[in-house]
1. Restrict the check to segment B:151-173 and report whether at least one residue is more than 14 Å from chain A (Cβ to nearest Cβ) and surrounded by fewer than 19 Cβ atoms within 10 Å (Cβ to Cβ).
2. State all residues of segment B:86-132 that are on the phi < 0 side of the Ramachandran plot, among the small types (Gly, Ala, Ser) and more than 21 Å from the chain's Cα centre (by Cα); if no residue qualifies, say none.
3. Among (1) within 16 Å of ligand 2 (Cβ to nearest atom); (2) in contact with an Asp or Glu (Cβ under 9 Å, 6 or more places away or on another chain); (3) of a type in the set (Gly, Ala, Ser), where does A:Ala203 come up short?
4. Consider A:Ala3 against the criteria (1) touching a residue at least 60 places away in the same chain (Cβ under 8 Å); (2) near ligand 1 (Cβ under 9 Å from one of its atoms); (3) more than 19 Å from the chain's Cα centre (by Cα): it satisfies all of them except one. Which criterion is unmet?
5. Is it the case that some residue within segment B:129-140 is of a type in the set (A, V, I, L, M, F, W, C), within 27 Å of B:Leu219 (Cα to Cα) and more than 10 Å from chain A (Cβ to nearest Cβ)?
6. Give the residue, chosen from A:Arg235, A:Arg204, A:Arg221, that is charged (D, E, K, R) and either more than 21 Å from A:Ser32 (Cα to Cα) or touching a His at 6+ places or on another chain (Cβ under 9 Å) (or both).
7. What is the one condition in (1) farther than 17 Å from B:Ile151 by Cα; (2) surrounded by 23 or more Cβ atoms within 10 Å (Cβ to Cβ); (3) more than 10 Å from ligand 1 (Cβ to nearest atom); (4) of a type outside the set (Val, Ile, Thr) that A:Gly38 does not satisfy?
8. Is there a residue being touching a helix residue (DSSP H, G or I) at 6+ places or on another chain (Cβ under 7 Å), without any contact (Cβ under 8 Å) to a residue 40 or more places away in the chain and either within 16 Å of ligand 2 (Cβ to nearest atom) or within 9 Å of chain B (Cβ to nearest Cβ) (or both) anywhere in segment A:129-142?
Amino acid sequence: MTAPVLRFESVRKAFGEQVILDDVSLSVPEHSVTVLIGASGSGKSTLLRCANLLEEIDDGAIWLDGEDVTDPRVDADSVRRRIGVVFQAYNLFPHLNVLDNITLGPRRVHGVPRAEAERRAMELLDRLGLAAKAKEYPDRLSGGQQQRVALVRAIVSEPRVLLLDEITAALDPELVTEVLAVVRDLKEQGRTMVLATHEMAFARDVADQVCFLADGVILERGTSAQVFGDPQHERTRRFLSRLSEAGRL
Amino acid sequence: MAAVLFFVVTGSPGWPVTRKTFFSAHYAGEIVGPALRGLELNLELLLVCGVSALALALLLAWLRTLRGPVFLPVRMLTAAYVDFFRGMPLIVLLLIIVFGVPGLQLTGVTNDPIILGGAALTINYSAYMAEDFRVGIESVHPSQRAAARAIGLTHGQTMRFVVLPQAIRRVVPALINDLVSLQKDTGLVYIGGAIDAVAAAHIQAAASFNYTSYVVVGLMFVLLTVPVTRYADWLTRRMDRQRTQGGTV
Ligand SMILES: Nc1ncnc2c1ncn2[C@@H]1O[C@H](COP(=O)(O)OP(=O)(O)OP(=O)(O)O)[C@@H](O)[C@H]1O
Ligand SMILES: [Mg+2]
(Lines give C-alpha, C1' and ligand atoms only; values in the text may rest on other atoms or scores of the structure.)
(Ligands and ions follow the chains in the order given, each with its own letter.)
Protein backbone atom coordinates (compact mmCIF):
# COMPACT_ATOMS: atom_id res chain seq x y z
CA MET A 1 0.00 0.00 0.00
CA THR A 2 1.30 3.45 -0.94
CA ALA A 3 1.72 6.21 1.62
CA PRO A 4 -1.66 7.74 2.41
CA VAL A 5 -2.56 11.01 0.70
CA LEU A 6 -4.83 11.95 3.54
CA ARG A 7 -4.70 10.66 7.08
CA PHE A 8 -6.83 11.40 10.11
CA GLU A 9 -5.14 10.65 13.38
CA SER A 10 -7.33 10.46 16.48
CA VAL A 11 -9.35 13.44 15.35
CA ARG A 12 -11.74 14.90 17.86
CA LYS A 13 -14.22 17.62 17.09
CA ALA A 14 -16.87 19.05 19.37
CA PHE A 15 -19.39 21.82 19.01
CA GLY A 16 -19.66 23.07 22.55
CA GLU A 17 -20.58 20.13 24.72
CA GLN A 18 -21.60 17.96 21.80
CA VAL A 19 -18.82 15.67 20.57
CA ILE A 20 -19.24 15.26 16.82
CA LEU A 21 -16.10 13.28 15.98
CA ASP A 22 -14.49 11.13 18.62
CA ASP A 23 -11.03 9.63 18.10
CA VAL A 24 -11.44 9.20 14.37
CA SER A 25 -8.48 7.68 12.55
CA LEU A 26 -8.57 7.05 8.85
CA SER A 27 -6.05 6.52 6.08
CA VAL A 28 -6.84 7.37 2.49
CA PRO A 29 -4.32 5.74 0.13
CA GLU A 30 -3.52 7.33 -3.19
CA HIS A 31 -5.79 6.35 -6.10
CA SER A 32 -8.34 4.88 -3.72
CA VAL A 33 -11.97 5.70 -3.05
CA THR A 34 -13.11 5.90 0.55
CA VAL A 35 -16.83 6.00 1.18
CA LEU A 36 -18.33 7.30 4.39
CA ILE A 37 -21.74 5.92 5.24
CA GLY A 38 -23.88 6.35 8.30
CA ALA A 39 -27.09 7.84 9.54
CA SER A 40 -27.86 11.51 9.24
CA GLY A 41 -25.96 13.43 11.89
CA SER A 42 -23.30 10.77 12.34
CA GLY A 43 -20.54 13.24 11.43
CA LYS A 44 -19.74 12.53 7.78
CA SER A 45 -19.90 16.13 6.64
CA THR A 46 -18.00 17.32 9.67
CA LEU A 47 -15.19 14.87 8.91
CA LEU A 48 -14.92 16.22 5.37
CA ARG A 49 -15.10 19.83 6.54
CA CYS A 50 -12.27 19.20 8.99
CA ALA A 51 -10.10 17.80 6.21
CA ASN A 52 -10.62 20.96 4.25
CA LEU A 53 -9.92 23.09 7.31
CA LEU A 54 -13.37 24.61 7.15
CA GLU A 55 -13.68 23.38 10.73
CA GLU A 56 -10.96 23.46 13.33
CA ILE A 57 -10.35 20.18 15.12
CA ASP A 58 -10.04 20.01 18.89
CA ASP A 59 -7.59 17.17 19.13
CA GLY A 60 -5.56 14.85 16.93
CA ALA A 61 -4.10 15.70 13.56
CA ILE A 62 -4.84 15.56 9.87
CA TRP A 63 -2.04 14.82 7.46
CA LEU A 64 -1.99 15.69 3.78
CA ASP A 65 0.91 14.15 1.89
CA GLY A 66 2.80 13.73 5.12
CA GLU A 67 2.26 17.31 6.27
CA ASP A 68 0.33 18.04 9.44
CA VAL A 69 -2.18 20.51 8.06
CA THR A 70 -3.84 21.08 11.42
CA ASP A 71 -0.68 22.70 12.71
CA PRO A 72 -1.72 26.30 13.36
CA ARG A 73 1.34 27.59 11.54
CA VAL A 74 0.21 25.98 8.29
CA ASP A 75 -1.39 28.34 5.77
CA ALA A 76 -4.93 27.01 5.40
CA ASP A 77 -5.34 28.51 1.93
CA SER A 78 -2.35 26.59 0.63
CA VAL A 79 -3.83 23.38 2.02
CA ARG A 80 -7.22 23.99 0.42
CA ARG A 81 -5.50 24.52 -2.91
CA ARG A 82 -4.47 20.89 -2.83
CA ILE A 83 -7.93 19.59 -1.98
CA GLY A 84 -10.98 19.59 -4.22
CA VAL A 85 -14.44 19.83 -2.70
CA VAL A 86 -17.92 19.34 -4.09
CA PHE A 87 -20.92 20.25 -1.98
CA GLN A 88 -24.42 18.87 -1.84
CA ALA A 89 -25.91 22.16 -3.06
CA TYR A 90 -23.35 22.58 -5.90
CA ASN A 91 -22.49 26.12 -4.68
CA LEU A 92 -21.60 27.39 -8.13
CA PHE A 93 -21.01 31.14 -8.28
CA PRO A 94 -24.26 32.52 -9.74
CA HIS A 95 -22.67 35.69 -11.12
CA LEU A 96 -20.11 33.80 -13.19
CA ASN A 97 -20.72 31.67 -16.23
CA VAL A 98 -19.70 28.03 -16.28
CA LEU A 99 -16.28 28.68 -17.74
CA ASP A 100 -15.50 31.47 -15.27
CA ASN A 101 -16.71 29.32 -12.39
CA ILE A 102 -14.20 26.69 -13.38
CA THR A 103 -11.28 28.96 -14.21
CA LEU A 104 -11.54 31.28 -11.19
CA GLY A 105 -9.40 28.97 -9.05
CA PRO A 106 -6.74 28.17 -11.64
CA ARG A 107 -6.39 31.82 -12.62
CA ARG A 108 -6.52 33.53 -9.24
CA VAL A 109 -5.07 30.86 -6.99
CA HIS A 110 -2.70 28.95 -9.22
CA GLY A 111 -1.72 31.78 -11.54
CA VAL A 112 -2.59 29.94 -14.72
CA PRO A 113 -2.95 32.30 -17.70
CA ARG A 114 -6.54 32.74 -18.83
CA ALA A 115 -6.17 31.07 -22.23
CA GLU A 116 -4.48 28.07 -20.70
CA ALA A 117 -7.06 27.78 -17.90
CA GLU A 118 -9.92 28.00 -20.38
CA ARG A 119 -8.40 25.44 -22.67
CA ARG A 120 -8.11 23.02 -19.78
CA ALA A 121 -11.64 23.79 -18.58
CA MET A 122 -13.07 23.24 -22.06
CA GLU A 123 -11.27 19.93 -22.30
CA LEU A 124 -12.92 18.73 -19.10
CA LEU A 125 -16.32 20.15 -20.02
CA ASP A 126 -16.14 18.49 -23.36
CA ARG A 127 -15.42 15.18 -21.75
CA LEU A 128 -18.57 15.56 -19.64
CA GLY A 129 -20.66 16.64 -22.61
CA LEU A 130 -21.01 20.15 -21.25
CA ALA A 131 -18.91 22.10 -23.72
CA ALA A 132 -22.01 23.76 -25.18
CA LYS A 133 -22.87 25.15 -21.75
CA ALA A 134 -19.54 26.91 -21.19
CA LYS A 135 -21.02 30.40 -21.54
CA GLU A 136 -24.25 29.69 -19.66
CA TYR A 137 -24.91 30.96 -16.17
CA PRO A 138 -25.55 28.35 -13.46
CA ASP A 139 -29.26 29.16 -13.10
CA ARG A 140 -29.79 28.06 -16.70
CA LEU A 141 -28.51 24.55 -15.99
CA SER A 142 -30.25 21.53 -14.52
CA GLY A 143 -29.16 20.34 -11.09
CA GLY A 144 -27.26 17.46 -12.64
CA GLN A 145 -25.46 19.76 -15.02
CA GLN A 146 -24.62 22.17 -12.22
CA GLN A 147 -23.21 19.38 -10.11
CA ARG A 148 -21.10 18.12 -13.01
CA VAL A 149 -19.75 21.64 -13.48
CA ALA A 150 -18.98 21.72 -9.75
CA LEU A 151 -17.04 18.47 -10.21
CA VAL A 152 -15.05 20.00 -13.04
CA ARG A 153 -14.40 23.08 -10.89
CA ALA A 154 -13.10 20.82 -8.12
CA ILE A 155 -10.74 18.79 -10.31
CA VAL A 156 -9.48 21.42 -12.72
CA SER A 157 -6.50 22.26 -10.52
CA GLU A 158 -5.58 18.61 -10.06
CA PRO A 159 -6.15 18.34 -6.31
CA ARG A 160 -4.39 15.60 -4.41
CA VAL A 161 -7.69 14.42 -3.00
CA LEU A 162 -11.31 15.07 -3.82
CA LEU A 163 -13.92 15.39 -1.07
CA LEU A 164 -17.51 14.80 -2.17
CA ASP A 165 -20.26 15.40 0.34
CA GLU A 166 -23.55 13.83 -0.70
CA ILE A 167 -23.23 15.35 -4.10
CA THR A 168 -26.38 13.66 -5.43
CA ALA A 169 -28.61 14.30 -2.43
CA ALA A 170 -30.17 17.45 -3.89
CA LEU A 171 -30.79 15.93 -7.30
CA ASP A 172 -33.90 14.49 -8.88
CA PRO A 173 -33.51 10.70 -9.20
CA GLU A 174 -33.17 10.78 -12.98
CA LEU A 175 -30.24 13.20 -12.68
CA VAL A 176 -28.34 11.15 -10.10
CA THR A 177 -27.03 8.68 -12.66
CA GLU A 178 -25.31 11.27 -14.81
CA VAL A 179 -23.44 12.65 -11.82
CA LEU A 180 -22.46 9.25 -10.47
CA ALA A 181 -21.18 8.30 -13.91
CA VAL A 182 -18.73 11.18 -13.65
CA VAL A 183 -17.56 9.99 -10.24
CA ARG A 184 -17.02 6.51 -11.67
CA ASP A 185 -15.03 8.06 -14.46
CA LEU A 186 -12.91 9.94 -11.92
CA LYS A 187 -12.23 6.69 -10.15
CA GLU A 188 -11.14 5.14 -13.43
CA GLN A 189 -8.68 8.00 -13.79
CA GLY A 190 -7.18 6.98 -10.49
CA ARG A 191 -8.21 10.03 -8.52
CA THR A 192 -8.10 9.83 -4.75
CA MET A 193 -11.52 10.49 -3.30
CA VAL A 194 -13.39 10.56 -0.03
CA LEU A 195 -17.12 10.70 -0.36
CA ALA A 196 -20.10 10.73 1.91
CA THR A 197 -23.20 9.29 0.35
CA HIS A 198 -26.59 7.76 0.97
CA GLU A 199 -26.47 6.05 -2.44
CA MET A 200 -25.60 2.60 -1.13
CA ALA A 201 -25.61 0.72 -4.42
CA PHE A 202 -23.18 3.24 -5.76
CA ALA A 203 -21.07 3.17 -2.59
CA ARG A 204 -20.84 -0.58 -2.75
CA ASP A 205 -19.78 -0.45 -6.34
CA VAL A 206 -17.21 2.32 -6.23
CA ALA A 207 -15.63 2.02 -2.78
CA ASP A 208 -12.21 0.57 -2.08
CA GLN A 209 -12.75 1.29 1.56
CA VAL A 210 -16.03 1.77 3.40
CA CYS A 211 -16.36 3.45 6.79
CA PHE A 212 -19.54 3.22 8.77
CA LEU A 213 -19.90 6.20 11.10
CA ALA A 214 -22.19 6.25 14.09
CA ASP A 215 -22.27 9.11 16.58
CA GLY A 216 -18.90 10.42 15.49
CA VAL A 217 -17.08 7.11 15.69
CA ILE A 218 -15.96 4.90 12.83
CA LEU A 219 -17.72 1.80 14.06
CA GLU A 220 -16.80 -0.45 11.22
CA ARG A 221 -14.51 -0.29 8.25
CA GLY A 222 -13.35 -2.58 5.51
CA THR A 223 -13.66 -3.30 1.85
CA SER A 224 -16.99 -2.88 0.17
CA ALA A 225 -17.51 -6.66 0.27
CA GLN A 226 -16.70 -6.83 3.97
CA VAL A 227 -18.90 -4.01 5.17
CA PHE A 228 -21.85 -4.56 2.87
CA GLY A 229 -21.56 -8.32 2.54
CA ASP A 230 -20.60 -9.33 6.04
CA PRO A 231 -21.08 -6.50 8.53
CA GLN A 232 -19.59 -7.32 11.91
CA HIS A 233 -21.24 -4.74 14.05
CA GLU A 234 -24.84 -4.89 15.15
CA ARG A 235 -25.47 -1.23 14.34
CA THR A 236 -24.02 -1.60 10.86
CA ARG A 237 -26.33 -4.53 10.24
CA ARG A 238 -29.32 -2.55 11.43
CA PHE A 239 -28.37 0.48 9.34
CA LEU A 240 -27.96 -1.65 6.23
CA SER A 241 -31.09 -3.70 6.75
CA ARG A 242 -33.16 -0.56 7.24
CA LEU A 243 -31.82 0.71 3.95
CA SER A 244 -32.52 -2.53 2.14
CA GLU A 245 -36.05 -2.54 3.49
CA ALA A 246 -36.42 0.94 2.08
CA GLY A 247 -35.23 -0.49 -1.24
CA ARG A 248 -32.06 1.58 -1.27
CA LEU A 249 -29.54 -1.20 -1.26
CA MET B 1 -57.76 64.30 -5.40
CA ALA B 2 -55.25 66.50 -7.19
CA ALA B 3 -58.12 68.41 -8.77
CA VAL B 4 -59.71 69.01 -5.37
CA LEU B 5 -56.41 70.23 -4.00
CA PHE B 6 -56.01 72.48 -7.00
CA PHE B 7 -59.40 74.13 -6.43
CA VAL B 8 -58.82 74.42 -2.70
CA VAL B 9 -55.53 76.19 -3.29
CA THR B 10 -56.63 78.41 -6.15
CA GLY B 11 -59.92 79.21 -4.40
CA SER B 12 -58.26 80.18 -1.13
CA PRO B 13 -58.48 83.82 0.01
CA GLY B 14 -54.72 84.26 -0.07
CA TRP B 15 -54.28 82.77 -3.52
CA PRO B 16 -54.02 85.96 -5.61
CA VAL B 17 -51.13 87.20 -3.48
CA THR B 18 -49.51 83.79 -3.22
CA ARG B 19 -49.69 83.39 -6.97
CA LYS B 20 -47.74 86.58 -7.43
CA THR B 21 -45.06 85.79 -4.84
CA PHE B 22 -44.54 82.13 -5.80
CA PHE B 23 -45.54 81.86 -9.45
CA SER B 24 -44.45 85.07 -11.08
CA ALA B 25 -43.50 84.60 -14.74
CA HIS B 26 -41.22 87.61 -14.58
CA TYR B 27 -39.11 86.33 -11.71
CA ALA B 28 -39.19 82.80 -13.09
CA GLY B 29 -37.56 84.07 -16.27
CA GLU B 30 -34.91 85.93 -14.30
CA ILE B 31 -33.88 83.03 -12.06
CA VAL B 32 -33.38 80.39 -14.78
CA GLY B 33 -29.89 81.58 -15.74
CA PRO B 34 -28.40 81.92 -12.23
CA ALA B 35 -30.17 78.74 -11.10
CA LEU B 36 -28.68 76.71 -13.94
CA ARG B 37 -25.24 78.07 -13.17
CA GLY B 38 -25.77 77.14 -9.53
CA LEU B 39 -27.08 73.73 -10.52
CA GLU B 40 -23.74 73.01 -12.12
CA LEU B 41 -22.21 73.13 -8.65
CA ASN B 42 -24.90 70.79 -7.34
CA LEU B 43 -24.12 68.31 -10.08
CA GLU B 44 -20.40 68.58 -9.46
CA LEU B 45 -20.97 67.94 -5.79
CA LEU B 46 -23.18 64.99 -6.64
CA LEU B 47 -20.47 63.51 -8.82
CA VAL B 48 -17.50 64.08 -6.53
CA CYS B 49 -19.27 63.33 -3.24
CA GLY B 50 -21.15 60.41 -4.75
CA VAL B 51 -17.99 58.73 -5.99
CA SER B 52 -16.02 59.42 -2.79
CA ALA B 53 -18.87 58.29 -0.55
CA LEU B 54 -19.22 55.06 -2.54
CA ALA B 55 -15.50 54.35 -2.32
CA LEU B 56 -15.35 55.17 1.38
CA ALA B 57 -18.45 53.09 2.07
CA LEU B 58 -17.01 50.10 0.26
CA LEU B 59 -13.85 50.39 2.30
CA LEU B 60 -15.84 50.61 5.54
CA ALA B 61 -17.98 47.61 4.64
CA TRP B 62 -14.86 45.68 3.70
CA LEU B 63 -13.15 46.47 7.00
CA ARG B 64 -16.21 45.23 8.81
CA THR B 65 -15.91 41.79 7.20
CA LEU B 66 -12.40 41.16 8.54
CA ARG B 67 -12.53 38.24 10.94
CA GLY B 68 -10.53 37.40 14.01
CA PRO B 69 -9.73 39.13 17.29
CA VAL B 70 -6.89 41.16 15.72
CA PHE B 71 -9.40 43.15 13.72
CA LEU B 72 -11.87 43.68 16.53
CA PRO B 73 -10.86 47.35 17.03
CA VAL B 74 -11.16 47.96 13.29
CA ARG B 75 -14.62 46.41 13.20
CA MET B 76 -15.73 48.38 16.22
CA LEU B 77 -14.43 51.66 14.83
CA THR B 78 -16.16 51.19 11.49
CA ALA B 79 -19.38 50.23 13.24
CA ALA B 80 -19.12 53.31 15.43
CA TYR B 81 -18.50 55.53 12.41
CA VAL B 82 -21.56 54.19 10.66
CA ASP B 83 -23.80 54.47 13.70
CA PHE B 84 -22.58 57.95 14.58
CA PHE B 85 -22.93 59.56 11.19
CA ARG B 86 -26.17 57.82 10.32
CA GLY B 87 -27.66 59.14 13.52
CA MET B 88 -26.36 62.69 13.11
CA PRO B 89 -28.75 64.94 11.14
CA LEU B 90 -26.98 66.01 7.96
CA ILE B 91 -27.77 69.66 8.54
CA VAL B 92 -26.14 69.59 11.96
CA LEU B 93 -23.04 67.86 10.62
CA LEU B 94 -22.89 70.42 7.85
CA LEU B 95 -23.15 73.34 10.26
CA ILE B 96 -20.49 71.89 12.52
CA ILE B 97 -18.04 71.28 9.69
CA VAL B 98 -18.69 74.42 7.69
CA PHE B 99 -18.51 76.77 10.67
CA GLY B 100 -16.39 74.68 13.03
CA VAL B 101 -13.43 73.89 10.78
CA PRO B 102 -12.68 77.51 9.78
CA GLY B 103 -13.00 78.46 13.45
CA LEU B 104 -10.12 76.14 14.29
CA GLN B 105 -7.85 78.26 12.05
CA LEU B 106 -5.77 75.26 11.09
CA THR B 107 -2.99 75.99 8.65
CA GLY B 108 -3.26 74.15 5.39
CA VAL B 109 -6.91 73.30 5.95
CA THR B 110 -9.35 74.90 3.60
CA ASN B 111 -12.15 77.21 4.61
CA ASP B 112 -13.85 76.81 1.25
CA PRO B 113 -17.54 76.19 1.99
CA ILE B 114 -17.86 74.06 -1.12
CA ILE B 115 -15.14 71.66 -0.06
CA LEU B 116 -16.23 71.60 3.58
CA GLY B 117 -19.85 71.12 2.59
CA GLY B 118 -18.82 68.38 0.20
CA ALA B 119 -16.87 66.69 2.99
CA ALA B 120 -19.94 66.72 5.22
CA LEU B 121 -22.04 65.19 2.44
CA THR B 122 -19.42 62.54 1.78
CA ILE B 123 -19.11 61.57 5.44
CA ASN B 124 -22.85 61.37 5.92
CA TYR B 125 -23.55 59.42 2.77
CA SER B 126 -20.62 57.06 3.18
CA ALA B 127 -22.23 55.92 6.44
CA TYR B 128 -25.54 55.16 4.71
CA MET B 129 -23.90 53.45 1.79
CA ALA B 130 -21.59 51.41 4.02
CA GLU B 131 -24.71 50.04 5.66
CA ASP B 132 -26.17 49.18 2.25
CA PHE B 133 -23.00 47.35 1.31
CA ARG B 134 -22.96 45.50 4.61
CA VAL B 135 -26.52 44.29 4.14
CA GLY B 136 -25.58 43.18 0.64
CA ILE B 137 -22.51 41.33 1.83
CA GLU B 138 -24.47 39.56 4.52
CA SER B 139 -27.14 38.55 2.05
CA VAL B 140 -24.63 36.42 0.15
CA HIS B 141 -25.12 32.89 1.42
CA PRO B 142 -22.27 31.49 3.55
CA SER B 143 -22.06 28.49 1.24
CA GLN B 144 -20.71 30.83 -1.43
CA ARG B 145 -17.87 31.79 0.86
CA ALA B 146 -17.24 28.13 1.70
CA ALA B 147 -17.08 27.26 -1.99
CA ALA B 148 -14.66 30.11 -2.65
CA ARG B 149 -12.40 29.17 0.24
CA ALA B 150 -12.55 25.51 -0.82
CA ILE B 151 -11.03 26.49 -4.16
CA GLY B 152 -8.18 28.07 -2.23
CA LEU B 153 -9.11 31.74 -2.61
CA THR B 154 -7.92 33.89 0.28
CA HIS B 155 -10.35 35.97 2.32
CA GLY B 156 -9.53 39.00 0.20
CA GLN B 157 -9.97 37.15 -3.07
CA THR B 158 -13.19 35.61 -1.83
CA MET B 159 -14.56 39.07 -1.11
CA ARG B 160 -13.35 40.52 -4.37
CA PHE B 161 -14.30 37.80 -6.81
CA VAL B 162 -17.23 36.06 -5.16
CA VAL B 163 -18.94 38.01 -2.38
CA LEU B 164 -18.75 41.64 -3.51
CA PRO B 165 -19.87 41.09 -7.10
CA GLN B 166 -23.02 39.40 -5.80
CA ALA B 167 -23.50 41.85 -2.94
CA ILE B 168 -23.11 44.95 -5.08
CA ARG B 169 -25.61 43.71 -7.63
CA ARG B 170 -28.16 43.35 -4.88
CA VAL B 171 -27.64 46.81 -3.42
CA VAL B 172 -27.49 48.82 -6.63
CA PRO B 173 -31.11 50.00 -6.24
CA ALA B 174 -30.50 51.10 -2.66
CA LEU B 175 -27.33 52.91 -3.68
CA ILE B 176 -29.12 54.70 -6.48
CA ASN B 177 -31.73 55.85 -4.01
CA ASP B 178 -28.94 57.19 -1.83
CA LEU B 179 -27.53 59.06 -4.80
CA VAL B 180 -30.92 60.59 -5.50
CA SER B 181 -31.08 61.68 -1.93
CA LEU B 182 -27.55 63.05 -2.11
CA GLN B 183 -28.46 64.98 -5.22
CA LYS B 184 -31.17 66.80 -3.30
CA ASP B 185 -29.00 67.29 -0.25
CA THR B 186 -26.30 69.03 -2.26
CA GLY B 187 -28.76 71.93 -2.00
CA LEU B 188 -27.81 72.27 1.66
CA VAL B 189 -24.28 73.52 0.97
CA TYR B 190 -25.66 77.03 0.47
CA ILE B 191 -25.75 77.21 4.28
CA GLY B 192 -21.99 77.65 4.34
CA GLY B 193 -22.06 80.28 1.63
CA ALA B 194 -21.50 78.19 -1.48
CA ILE B 195 -23.42 79.52 -4.47
CA ASP B 196 -25.42 76.60 -5.74
CA ALA B 197 -28.89 76.64 -7.28
CA VAL B 198 -30.58 76.99 -3.91
CA ALA B 199 -28.30 79.85 -2.97
CA ALA B 200 -29.10 81.54 -6.29
CA ALA B 201 -32.79 81.23 -5.49
CA HIS B 202 -32.20 82.53 -2.02
CA ILE B 203 -30.37 85.61 -3.28
CA GLN B 204 -33.12 86.47 -5.71
CA ALA B 205 -35.83 85.89 -3.13
CA ALA B 206 -34.08 88.10 -0.62
CA ALA B 207 -33.63 90.88 -3.13
CA SER B 208 -37.14 90.83 -4.54
CA PHE B 209 -39.32 89.53 -1.74
CA ASN B 210 -40.61 87.10 -4.33
CA TYR B 211 -40.31 83.35 -3.85
CA THR B 212 -40.82 82.19 -7.41
CA SER B 213 -37.12 81.35 -7.56
CA TYR B 214 -37.57 78.63 -4.92
CA VAL B 215 -40.33 77.03 -6.95
CA VAL B 216 -38.25 77.09 -10.12
CA VAL B 217 -35.17 75.62 -8.44
CA GLY B 218 -37.30 73.02 -6.67
CA LEU B 219 -38.74 71.96 -9.99
CA MET B 220 -35.27 71.73 -11.48
CA PHE B 221 -34.26 69.30 -8.74
CA VAL B 222 -37.43 67.28 -9.33
CA LEU B 223 -36.72 67.10 -13.05
CA LEU B 224 -33.22 65.83 -12.33
CA THR B 225 -34.41 63.29 -9.80
CA VAL B 226 -37.39 61.71 -11.50
CA PRO B 227 -35.53 59.82 -14.22
CA VAL B 228 -33.05 58.43 -11.72
CA THR B 229 -35.71 57.22 -9.28
CA ARG B 230 -37.63 55.68 -12.16
CA TYR B 231 -34.48 53.90 -13.23
CA ALA B 232 -33.85 52.65 -9.68
CA ASP B 233 -37.43 51.35 -9.43
CA TRP B 234 -37.12 49.58 -12.75
CA LEU B 235 -33.81 48.05 -11.71
CA THR B 236 -35.24 46.85 -8.41
CA ARG B 237 -38.17 45.19 -10.15
CA ARG B 238 -35.91 43.53 -12.67
CA MET B 239 -33.63 42.19 -9.96
CA ASP B 240 -36.53 40.86 -7.91
CA ARG B 241 -37.68 39.01 -10.98
CA GLN B 242 -34.24 37.59 -11.58
CA ARG B 243 -33.91 36.47 -8.01
CA THR B 244 -37.18 34.56 -8.04
CA GLN B 245 -36.23 32.92 -11.31
CA GLY B 246 -32.72 31.81 -10.46
CA GLY B 247 -33.44 30.27 -7.08
CA THR B 248 -30.17 28.40 -6.84
CA VAL B 249 -27.27 29.02 -4.44
N1 LIG C 1 -21.73 24.33 13.04
C2 LIG C 1 -22.29 23.41 13.87
N3 LIG C 1 -22.62 23.75 15.13
C4 LIG C 1 -23.15 22.85 15.97
N5 LIG C 1 -23.42 21.59 15.64
C6 LIG C 1 -23.13 21.17 14.40
C7 LIG C 1 -22.55 22.07 13.44
N8 LIG C 1 -22.38 21.39 12.30
C9 LIG C 1 -22.82 20.15 12.53
N10 LIG C 1 -23.28 20.00 13.77
C11 LIG C 1 -23.81 18.78 14.38
O12 LIG C 1 -22.86 17.76 14.16
C13 LIG C 1 -23.49 16.53 13.97
C14 LIG C 1 -22.93 15.86 12.75
O15 LIG C 1 -23.30 16.62 11.62
P16 LIG C 1 -22.84 16.23 10.16
O17 LIG C 1 -23.37 17.27 9.26
O18 LIG C 1 -21.39 15.99 10.14
O19 LIG C 1 -23.59 14.87 9.93
P20 LIG C 1 -23.74 14.02 8.61
O21 LIG C 1 -23.29 12.66 8.91
O22 LIG C 1 -23.09 14.72 7.48
O23 LIG C 1 -25.29 14.02 8.40
P24 LIG C 1 -26.13 14.05 7.03
O25 LIG C 1 -26.17 12.66 6.53
O26 LIG C 1 -27.48 14.52 7.46
O27 LIG C 1 -25.46 15.00 6.12
C28 LIG C 1 -24.97 16.80 13.91
O29 LIG C 1 -25.53 16.44 15.15
C30 LIG C 1 -25.06 18.29 13.71
O31 LIG C 1 -26.20 18.79 14.34
MG1 LIG D 1 -23.77 15.71 5.75
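The values are calculated or read from the model by the stated rules, or taken from the named source; none is laboratory data. The shown structure was predicted, so the numbers you read here are calculated from the model rather than taken from an experiment. Virtual Cβ from ideal backbone geometry, glycine too; neighbours counted across all protein chains shown.
1. Of all residues in segment B:151-173, those more than 14 Å from chain A (Cβ to nearest Cβ) come to B:173.
Applying the additional criterion that residues be surrounded by fewer than 19 Cβ atoms within 10 Å (Cβ to Cβ) yields none.
Checked against the condition, which is being more than 14 Å from chain A (Cβ to nearest Cβ) and surrounded by fewer than 19 Cβ atoms within 10 Å (Cβ to Cβ), segment B:151-173 yields no hits at all.
2. Initial filter on segment B:86-132 (on the phi < 0 side of the Ramachandran plot): B:86-104, B:106-107, B:109-132.
From what's left, among the small types (Gly, Ala, Ser): B:87, B:100, B:103, B:117-120, B:126-127, B:130.
Selection gives B:Gly100, B:Gly103.
3. Condition (2) is where A:Ala203 drops out.
4. (2)
5. Taking segment B:129-140 as the starting set, the residues that turn out to be of a type in the set (A, V, I, L, M, F, W, C) are B:129-130, B:133, B:135, B:137, B:140.
Among the residues that remain, those that are also within 27 Å of B:Leu219 (Cα to Cα) are: B:129.
Adding the requirement that they be more than 10 Å from chain A (Cβ to nearest Cβ) leaves B:129.
Yes - at least one qualifying residue is present in segment B:129-140.
6. Details: A:Arg204 fails: either more than 21 Å from A:Ser32 (Cα to Cα) or touching a His at 6+ places or on another chain (Cβ under 9 Å) (or both); A:Arg221 fails: either more than 21 Å from A:Ser32 (Cα to Cα) or touching a His at 6+ places or on another chain (Cβ under 9 Å) (or both).
A:Arg235 is the lone residue from the list that is charged (D, E, K, R) and either more than 21 Å from A:Ser32 (Cα to Cα) or touching a His at 6+ places or on another chain (Cβ under 9 Å) (or both).
7. So A:Gly38 meets the others, but not (3).
8. no
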